[in-house]
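This report refers to the structure that appears directly beneath it.
The values are calculated or read from the model by the stated rules, or taken from the named source; none is laboratory data. Please read all numbers here as calculations on a predicted model, not as lab measurements. Methodologically, a virtual Cβ is constructed for each residue, glycine included, from the backbone with ideal geometry; neighbour enumeration extends over all protein chains shown. Surface areas here come from the heavy atoms of the whole protein model, side chains and all, with no ligands, DNA or RNA. Shrake-Rupley method; radii C 1.70, N 1.55, O 1.52, S 1.80 Å.
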Amino acid sequence: MLAEIKGLNEECGVFGVWGHPDSAQLTYYGLHSLQHRGQEGTGIVVSNGEKLRVVKGEGLVSEIFTPKVMEELKGTSAIGHVRYATAGGAGYENVQPLLFHSQTGSLALAHNGNLVNANFLKHQLEAQGSIFQTSSDTEVLAHLIRRSGFPELKDQVKNALSMLKGAYAYLILTENELMVALDPHGLRPLSLACLGDAYVVASETCAFDVIGAEFIRDIRPGELLIINKDGITSEQFAFNSTKSICAMEYVYFSRPDSNIQGINVHTARKNMGKRLAVEAPIEADVVTGVPDSSISAAIGYAEVSGIPYEMGLIKNKYVGRTFIQPTQTLREQGVKMKLSAVRGVVEGKRVVMVDDSIVRGTTSKRIVSLLKEAGATEVHVVISSPPIKNPCFYGIDTSSKEELIASDKSVEDIRELIGADSLTFLSTEGMVEAIVKTEGTDGFCLGCFTGNYPTEIYPDTLQYYYQK
């Protein structure tokens, strides 16, 4: 489905390089490959070993980093960021990486995720004299680091990270080292690779492929990597937490050519489609997927069901970013601009429409209407994930609970509202087994489906997401 128009958006992606003369250029290519994780703002901080320099702005990677800008970004290490604004709010000041200067040196931060105790920590820090320059929860870490009483930066960072709760994949760049940290539950993806003698880190492995880097391993939950002239060292700042990678990374967010925790995303999605065909057998003439993230699941459904897969929906890749619209009417118009039904494929046919999720339901309703307007006699909607009944607190914009159609409506109610002839969601167990091919739901965050979250959720955070 189209993240821009369905109300389901990943907050951001991070990329970093240590020890390469073309670090800024490599970061540009890495961010470009992660552009699907955020299209509202981007930035790069580069270090030449003596000082840090930042270039950032609101817009796409190619819009901010023109050839002239890239010529001026020189250094052997860099970190970069692409973002979609969620709880942190929009605005240039919130575009990352954030860069801070002090008498003891500079420090840049790039963050993927969301801290559930950010407001609690901000109140404490402000009472102690801190003044925040952004509304982003990312800035909290910088204040905690500088207020730590430890003499070495490594210990300052470990102490600060131990105070955070929620989802975070952090890149921390100074003049002479790069630090990489993942939250104790491993909620967000983060991986390490090498390019010759240089090290590379990224939210997704597809970013390694584009620059020819060789994957080494995934960052472990609660791990702090320190990369400098002496090489790479690993330390744990948290222990004994239950691993809980976000299941939606496999369902929707990550690129199909990425591997998350050793599992190929395309393969996982195809397996979800196969499982759907078992859980939701339908008599139909054609299977089609909603581009782009549902194509893999649609192929899997067609393979097991024996119903031919066809390209019944086409995405117009040349339409501008129409998703930043204030009204539902304009959002629905965006659906029509970005998607078209192929009459020659669906006319007179019973269609199985495979999609990855339903959030508000308005987009699904419009797509069902598109298919029927193009002559489909029946439209059976099958969803390759369970109903999203609860908001995400960890960096995915799934709206407030009141805007989630499945929070207070049955499957039959949703089917009637979107105008489908039938509607089936994949079971939670089926989704997890499709991803890992084992029974049980350990190892995943399923909070948006089940309401069971891996961390404590603070009252002020609950109030924000459950507001009426």
**Study point:** At 1.306 mPa s and 10 °C, Stokes diffusion of the chain via Kirkwood alpha-carbon radius, µm² per second
**Key:** 70
Review point. In what sequence, highest mean first, do 101-111, 362-372 appear when ranked by Cβ atoms within 10 angstrom?
Key: 362-372, 101-111
Practice item. Would you mind working out the magnitude of the charge dipole of the range 210-289 relative to its Cα centre, with +1 at each Lys and Arg C-beta and -1 at each Asp and Glu C-beta, to the nearest 20 Debye? Key: 60
Practice item. Among 111, 375, 431, pick out the residue whose Cα is farthest towards the positive end of the charge dipole of the chain, where Lys and Arg carry +1 and Asp and Glu carry -1 on C-beta, about the Cα centre. Key: 375
Point to revise | Convex hull of Cα atoms in the range 365-421, direction-averaged projection (nm²) | key: 4.5
Point to revise | Share of carbon and sulfur in the accessible heavy-atom surface of the range 21-75 [1.4 Å probe, %] | key: 51
Check your understanding: Helix-derived [θ] at 222 nm for the chain: sum -39500 (n - 2.57) over DSSP H runs of at least 4, divide by residue count, nearest 500?
Key -> -8000 deg cm²/dmol
Revision key, fill the gap. Expressed per residue, the solvent accessible area of the range 224-268 in Å² (1.4 Å probe) is about 43
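When ranked by the protection proxy of mean other Cβ atoms within 10 Å per residue, highest first, what sequence do the peptides 268-277, 136-145, 229-238 form? Intermediate values should be presented prior to the final figure.
Details: 268-277: 25.9, 136-145: 23.4, 229-238: 13.2.
By packing density, highest mean first, the sequence is 268-277, 136-145, 229-238.
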Review point. Could you give the accessible area per residue of the range 11-131, probe 1.4 Å, as a whole number in Å²?
Key: 39
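What's the magnitude of the charge dipole for the range 11-120 around its Cα centre, counting Lys and Arg as +1 and Asp and Glu as -1 at the beta-carbon? Answer in Debye, nearest 20.
So the magnitude is around 140 debye.
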Check your understanding: Considering the alpha-carbon set of the range 37-111 alone, what are its Rg and its Dmax in angstrom?
Key -> 12.4, 35
Check your understanding: Of the heavy-atom accessible surface of the range 78-163 (probe 1.4 angstrom), what whole percent is carbon and sulfur?
Key -> 50
Point to revise | Unit charges on C-beta of K, R, D, E only; dipole of the chain, Debye | key: 540
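Please give the per residue accessible area of the range 372-413, computed with a probe of 1.4 Å over protein heavy atoms only, in Å².
Details: 1390 Å² over 42 residues.
Counting only protein heavy atoms, the per-residue value for the range 372-413 is 33 Å².
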Review point. Of all the accessible heavy-atom surface of the range 210-273, with the other protein chains kept in place and a 1.4 Å probe, what percent is carbon and sulfur?
Key: 49
**Study point:** Karplus-derived HN-Hα couplings along the range 226-234 (A = 6.51, B = -1.76, C = 1.60, θ = phi - 60°), whole Hz, x at Gly and Pro
**Key:** 10, 10, 8, 4, 8, x, 10, 10, 10
